[in-house]
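Some notes on the structure that comes next.
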Amino acid sequence: MKILVSVKRVVDYNVKVRVKSDQTGVDIANVKMSMNPFDEIAIEEAVRQREANVATEVIAVSCGPAQCQETLRTAMALGADRAILVESNDELQPLAVAKLIGALIAREKPELVILGKQAIDDDSNQVGQMVAALASMPQATFASKLTIANGRAEVTREVDGGLETLSLSLPAVVTTDLRLNEPRYVTLPNIMKAKKKPLEVLKPADLGVDVTPRLKTLKVSDPPTRKAGIKVPDVASLIAKLKTEAKVI
Amino acid sequence: MTALVIAEHDNATLKPATLNAIAAAAKLGADVHVLIAGHHAQGAADAARLVDGVTKVLLADGAALADGLAENVAAQVLAVAAPYDSIVFPATAYGRNIAPRVAIGLDVAQISDIISVESPDTFTRPIYAGNAIATVQATDAKKVITVRATGFDAASATGGSAGIEAITAIADSGKSIFVKREIAKNDRPELTSAKVIVSGGRGVGSGENYHKVLEPLADKLGAALGASRAAVDAGFVPNDYQVGQTGKIVAPELYIAVGISGAIQHLAGMKDSKVIVAINKDAEAPIFGVADYGLVGDLNEIVPELVKQLG
């Protein structure tokens, strides 16, 4: 079984981003970039399936600028066997990314596609579902458990108020939630090994995909700030404030 | 201009976030229709027809729609989408699961998690875990939108008198089978619709202490119980307690943060609460930067004392 996993290069989750003063976006110059955390979980899950002899090959794919090659090398250091970059310096919105991944699925014919549930930069939470619809595959989003057996994927999903379990025919699309697994650390020998693994570079035009953005970002601004209130000395004064000033109890 | 709101429901009643999605759809300057896709869902349709601002309810009632499978519900939406300018979903696990399938089916961009409607084609939405707000303009003729509930006051559940039109329910895709649902059962209100939330963080110390200290306060206030990601990761409580960018986004009348330092990802999930109370032993904790009322000290003494004095 072949598993295709998509990875996105994003601002590291530990970085507090700053909005540019001209409100054209957030400042990502000279900021640490990393693999989207949900995608790291996706790679880990795929590699575990291969280590359990359920999968035979893990292919990591990414869409974006040339620097995404670093992210793909990290994916291969985590255990992916080979990688494909769809290189573009244009802004790639979720609809375009879904079409690019859809075209790679048509070419590679994986039996399982694993994606992060959302990227931590634009927080759209769209690509996995779009890919599933485009490839006419069933989907299980926000997965916290994945078992492949008898040609089907049984997936436990995190939904509002609890968990839901689905059984999907393969090929299928799964998107990861935080508790699916805990990704391993990248080791130096594996980084060295990853440098020798194949990395193919394509352009959107090679896949026949029009990536023109459909959403215009008019501006990016700081969120409204909430003013700090007061410190109260004791429980009695807290209750008094909640009753008489805030009137919430 | 007509908008179609895809209702989240349990076949008998509407989930609260549906009312916020209806309110957002009304701001598009459009007639608002509601689609109930379910099985034995007359109850949900009857509830939807009474919602203020709704002018028509479409009821697709069939076995394939019983469990809200994304493949089937999206196919149902696409089957009726043609006359609508906008297709609007609540940005819940349910809506997020389905909306992108509809967007790519129509070959249009989806606008996720909107918190305001600036004009019928321009919206604001949080990015980078709420650290920035983007104003985006859709260029597609049709729009697929998910609505963050905390951005819009809920439409009134009464005051409407729309007609219900039964439509043909689609057949099962046959690719995905619903196995089971395990919904945590308790007597507390749901986190996303609770008026009061008592939430615990890593500072609570253990799962045992979380229940011992926070439950009496939640009982006293009729509150829902929540937690920070740190408390969930430490295994104090299950994942569905989590409030934050990667968990639930809440905006209760009163949010009491106990032993929560106030990581940005937690603040992103609760900073729209009307009144925030923080109880923490670290006077420098970032949570005090957003709290209306802060109390510095040992939560193991303060919280029981609070329960006692509330009487």
Item checked: Residue that is farthest from B:ALA81 (Cα to Cα) [pool: residues in region B:8-32 that are in contact with a helix residue (DSSP H, G or I) (Cβ under 7 Å, 6 or more places away or on another chain) and of a type in the set (Val, Ile, Thr)] -> B:THR13
Notebook entry, point to check: Is it the case that A:LEU215 is surrounded by fewer than 20 Cβ atoms within 10 Å (Cβ to Cβ) and either within 7 Å of chain B (Cβ to nearest Cβ) or of a type outside the set (Ser, Thr, Tyr) (or both)?
Noted result: no
Notebook entry, point to check: Mind checking whether some residue in region A:223-231 is outside any strand (DSSP E or B), farther than 18 Å from B:GLY68 by Cβ, in contact with a helix residue (DSSP H, G or I) (Cβ under 7 Å, 6 or more places away or on another chain) and facing chain B (nearest Cβ under 8 Å)?
Noted result: yes
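Rundown of residues vs (1) assigned to a loop (DSSP other than H, G, I, E, B); (2) charged (D, E, K, R); (3) farther than 29 Å from B:LEU267 by Cβ; (4) in contact (Cβ under 8 Å) with a residue 40 or more places away in the chain, yes/no style:
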site	(1), (2), (3), (4)
A:VAL10	no, no, no, yes
A:VAL15	yes, no, no, no
A:ILE41	no, no, no, yes
A:ARG50	no, yes, yes, yes
A:ASN53	yes, no, yes, no
A:GLN69	no, no, yes, yes
A:ARG73	no, yes, yes, yes
Note to self: Could you tell me how many of the residues in region B:117-139 are over 18 Å from the mean Cα position of the chain (by Cα), in a strand (DSSP E or B) and farther than 22 Å from B:TYR84 by Cβ?
What the structure shows: 4
Check: Out of region B:280-311, which residues are among the acidic types (Asp, Glu) and surrounded by fewer than 22 Cβ atoms within 10 Å (Cβ to Cβ)?
Finding: B:ASP282, B:GLU284, B:ASP298, B:GLU301, B:GLU305
Check: Do we find that B:ILE260 is of a type in the set (A, V, I, L, M), under 27 Å from B:ALA91 (Cα atoms) and in contact with a His (Cβ under 7 Å, 6 or more places away or on another chain) in this structure?
Finding: yes
Check: Any residue in region A:160-171 that is modelled with pLDDT of 95 or more and more than 8 Å from every other protein chain (Cβ to nearest Cβ)?
Finding: yes
Next item on the list: With the condition kept exactly as written, say whether any residue in region B:178-187 is among the polar types (S, T, N, Q) and in contact with an Asp or Glu (Cβ under 9 Å, 6 or more places away or on another chain).
Entry: no
Item checked: Pick from region B:87-116, criterion facing chain A (nearest Cβ under 8 Å) and part of a loop (DSSP other than H, G, I, E, B), ranking: farthest from the chain's Cα centre (by Cα) -> B:ASP107
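The values are calculated or read from the model by the stated rules, or taken from the named source; none is laboratory data. Note that this is a predicted model, so its numbers are computed, not measured. Cβ: placed from backbone, ideal geometry, glycine included. Neighbour counts: every protein chain shown.
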